[in-house]
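The values are calculated or read from the model by the stated rules, or taken from the named source; none is laboratory data. Please read these numbers as outputs of a predicted model, since none were measured by experiment. Cβ placement follows ideal geometry from the backbone for every residue including glycine, while neighbour counts extend to all protein chains displayed. Accessible surface is based on the protein model in full, side chains and every heavy atom, while ligands, DNA and RNA are left aside. Shrake-Rupley method; radii C 1.70, N 1.55, O 1.52, S 1.80 Å.
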Amino acid sequence: MKILFALLLSTLIAVPSIYNSLEGDKKQKSLYPPGYVTIANVTHKNEKFNVVTLKREGNKIKAKYFVAPMNGKSVSERYKSWSNGKDGNIVLVSSGTYMDGSKAPVGFSIDNGIIVNSTLRDSDMDALVIVYATGGVVCSNLKNADLTIKGRKYDLRGNGRDLAEFKTWAEDEEATVFQTHLLVYNNKLTISSINSSTNVARRRFLAVGKDEDGKLVHMIVQCPNACTLYEGANKTFNFLREKQSMDITFMINLDTGYQDVFKLYNEDGTINSAIYGEKDLSVAINLLAYYYE
């Protein structure tokens with residue numbers, strides 16, 4: 001009888017600990033301040049859009065990108081280690097750009113100053129995205145050779161010396177760089193139905209620019225209804241310009257295929273289910289995180 005009672009008592013003690021563990025995954029320990037992030041479900045021309053608006057004014061909301069596994073740690077392990085010191089300050093985490101069959105990043109990529117893929121794709125990926133160690137994100141159009149750093153322009157595709165100097169700069173600055181499809185640039189759609197994949201899926205995009213008040217914002221937009229990349233980019237472009245009055249500097253795709261990872265937190269620390277990923281964080285090959293600091 002004593003043994004049975006002890007087993008029952010240990011079970012009752014264990015249940016709350018399991019419950020707390022599950023709750024801990026649902027809610028952060030503390031909160032990021034209100035006013036920096038807006039989460040909304042919006043309808044435009046009979047199309048539904050899930051929108052996360054991140055205000056970059058004051059440099060309080062920052063971005064961090066994990067390109068690839070490093071030092072024996074997977075991308076998800078690197079993210080978890082990094083986020084441990086930021087309890088409550090994580091706004092969202094999302095799968096990033098493309099990978100190849102060996103699960104390596106496609107196109108030119110540098111992770112925190114360390115070169116991961118030195119091959120610059122020539123034609124199909126015109127977006128070169130730089131995530132600074134300070135948390136800012138910029139994008140240049142490789143086709144225009146308009147990458148400008150400290151007043152100097154770099155032609156990465158046409159000038160080998162420029163490419164070498166840029167690599168040195170990225171290493172010195174501990175910058176993170178990746179190459180991807182450029183969907184919108186300076187308020188112009190840069191993808192067409194001709195060069196778009198015919199695969200149909202729900203789509204998720206990152207757009208960076210200025211809101212109707214001229215303030216710098218990053219917006220993540222999800223199109224819940226399945227469509228091609230061109231269809232999703234086109235209707236999201238029109239939505240941002242017409243409904244949100246956004247001055248779009250650039251817009252890129254966020255992967256919703258094999259590594260469809262997305263977790264969004266509300267201001268009270270609970271997980272928001274309006275935008276979500278189908279896959280667990282552990283399958284992520286690269287990750288984009290936004291956080292408050």
**Prompt:** How far, in nm, would the chain grow between Ser193 and Asn59 when pulled straight, counting 0.36 nm per residue and subtracting the alpha carbon separation?
**Reply:** 44.6 nm
**Request:** Please report the orientation-averaged projected area of the stretch 35-292, defined via the convex hull of its C-alpha atoms, in nm².
**Result:** 13.5 nm²
**Message:** Quick query: amide H of Lys60 versus all other amide H atoms, modeled in the peptide plane; which residues come in under 5 Å with a sequence gap of 5 or more or a different chain?
**Reply:** none
**Item:** Packing-based ranking, highest mean first, of 92-99, 149-156 given that Cβ atoms within 10 Å are counted
**Value:** 92-99, 149-156
**Request:** For the stretch 271-282, take each phi angle, set θ = phi - 60°, evaluate the Karplus expression 6.51 cos²θ - 1.76 cosθ + 1.60, and give the result in whole Hz per residue in order, putting x for glycine and proline.
**Result:** 7, 8, 9, 5, 10, 8, x, 7, 10, 6, 4, 5
**Message:** Tell me the angle of helix 160-173 to the major Cα principal axis of the chain, expressed in degrees between 0 and 90 and rounded to the nearest ten.
**Reply:** 30 degrees
**Item:** Accessible surface of the stretch 35-292, 1.4 Å probe, proportion on carbon and sulfur as whole %
**Value:** 44 percent
**Request:** Roll a 1.4 Å probe over the protein chains and send me the accessible area per residue for the chain in Å².
**Result:** 49 Å²
**Request:** Compute the acute angle (0 to 90°) between the alpha-carbon long axis of helix 2-26 and the principal axis of greatest extent of the alpha-carbon atoms of the chain; round to the nearest 10°.
**Result:** 20 degrees
**Request:** Would you list which aspartates and glutamates come within 13 Å of Lys188, measuring only between C-alpha atoms, while excluding same-chain residues fewer than 8 positions from it?
**Result:** Asp247
**Message:** Could you report the accessible area of Phe262 in Å², rounded to 10, computed with a 1.4 Å probe on the protein chains as they sit in the structure?
**Reply:** 20 Å²
**Fill in**
CD proxy, 222 nm, the chain: helix-only mean residue ellipticity via -39,500 (n - 2.57) per DSSP H run with n ≥ 4, per residue, nearest 500, stands at -6500 deg cm²/dmol
**Amide hydrogen neighbours beyond the local backbone of Val184, cut-off 5 Å, H modeled** = Thr190, Met251
